[in-house]
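Report on the following structure.
Throughout, read-outs are computed from the coordinates displayed, never taken from laboratory work. Owing to the predicted nature of the structure, the values given are computational and were not obtained by experimental measurement. Neighbour counts run over all protein chains shown; Cβ positions are idealised from the backbone, glycine included.
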Amino acid sequence: MTPRQAEDLIEGHGRAVLRQLLQGGLESRGPGDVGPALVGQDGVRRTPRRVHRRALESLFGTVQVERLGSGAPGQESLHPLDAALPLPAERSAHALRTKVAVEAARRRFEEEVEAIVEHTGAQVPTRQAEALCQRAAQDFETFSAPRRAPPSSPQAEPAEAIVVLTTEGTGVPRRPEALRAPTRQAAEGTMHKWRTRLSQGEKRHRQRMATVAAVSSLTPSVRRADDLVRELAPVHEGRPARRPQPQDKRVWASVRPEPRTVITEMLNAARGRDPEGTPPWVVVVDGQEHPWRLLRHEVKRRGVAVTLSLDRFHVLESLWAAALACHAAGSAEAALWVRTQRLSLLRGRVSRVAAARRRRATVGAFTASQRAAVDRCADSLLKDRALRRYDQ
């Protein structure tokens, strides 16, 4: 027998042994006998007793649980052992439910089910996995509320730390009935070109905006533009020195409430860790206008002084679109051009980069589509110039 065959054999038999150990532990607890009669919360006295058996799907496979049930005519039987262990109402054990929820955050449901079957002894169908994830997420707010920093108990922060807030929106495809009213009305007014899928441009009104927010404390560190560019370079080119990491970071995302609600909650969380407004607040946003307007309105209403900055990773999208207008996709020239322009932007030369791109398009006699890509890039850079003060 080869070592590989031995490992496979031990893994399979090992799960069987673990399942038998769990089965033995459950049997050693007994059926949960609490006496000749049982009175439930409804005040009904239940005297007839019968041993009921139920299956429990564990990480090691299916085990059987025998528990004593007390019943009465027309009443549901009660099983004291279910509450003593405690046992979930569904077939899946608590440890398996946790495993399903963790794996669902990493991959698709189909891949999740395959991974659980491969690495455990449990059998979880795809629909059951989806239902378990929904139940695991339904009490998210209740779970998170006690862990939030209250305004009356600010967290101890270093004297030089700043409060960093980030917000970003991303579209999540939804069914028509799950869309917000304006988006649903716009979707109903569009015509499908194909019967089996959506064509280009038809996905615009098929998504619901999910808002992601985060609040953390960070010790400032001085970095040059070259250091920021080097962080995005390939691994073999070397990495800069490790910089301070965010502390006490809280991240949350939601697709159900309006973006205004998430932004308000983000500012409340920042105020909770900084009631006096002593450290500077820095807000990093993405390239969407609607969250900007909401954020500016809420900041002005509260009278909070913040520094707004555009996430530098979103700048790369417009730069790459302009680079592919004059360079072949995947070419070294395109990558070099993007890296050079990104370095110029980080040094505060926004207007110079936009003007150079337009001049290059004019002198090079670009086609209409190429010129359109360059103009979109230049317009985006100039429009958000106040948020691209990376050199300050």
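Summary table below
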| quantity | calculated |
| --- | --- |
| Kyte-Doolittle at least -1.0, axis length at least 24 Å by Cα - qualifying DSSP helices, the chain | 3-28 |
| For the stretch 47-139, the spread of Cα positions along each principal axis, largest first, Å | 49, 27, 20 |
| Cα-based convex hull volume of the chain per residue, rounded to whole Å³ | 277 Å³ |
| Taking Thr278, Thr167 and counting other C-beta atoms within 10 Å, the order from fewest to most | Thr278, Thr167 |
| Mean-position separation - Cα centroids, the stretch 76-123 and the stretch 13-52, in angstrom | 19 Å |
| The stretch 240-329 - Rg (one decimal) and Dmax (whole number), Cα, Å | 16.7, 53 |
| Sorted by Cβ density within 10 Å, fewest first, the residues Thr2, Thr264 | Thr2, Thr264 |
| Normalised alpha carbon radius of gyration of the stretch 314-387 [divisor 2.2 N^0.38 Å] | 1.00 |
| FRET efficiency for Arg352 and Arg230, using Cβ-Cβ distance with R0 set to 25 Å, rounded to 0.05 | 0.70 |
| Descending semi-axes in Å of the stretch 277-366, equivalent ellipsoid built from Cα gyration tensor | 34, 13, 12 |
| Longest exposed-site-free window of the chain, the sites being GluC sites (Glu not before Pro) in a DSSP loop that have at most 15 other C-beta atoms within 10 Å | 277-392 |
| Taking Lys99, Lys249 and counting other C-beta atoms within 10 Å, the order from fewest to most | Lys249, Lys99 |
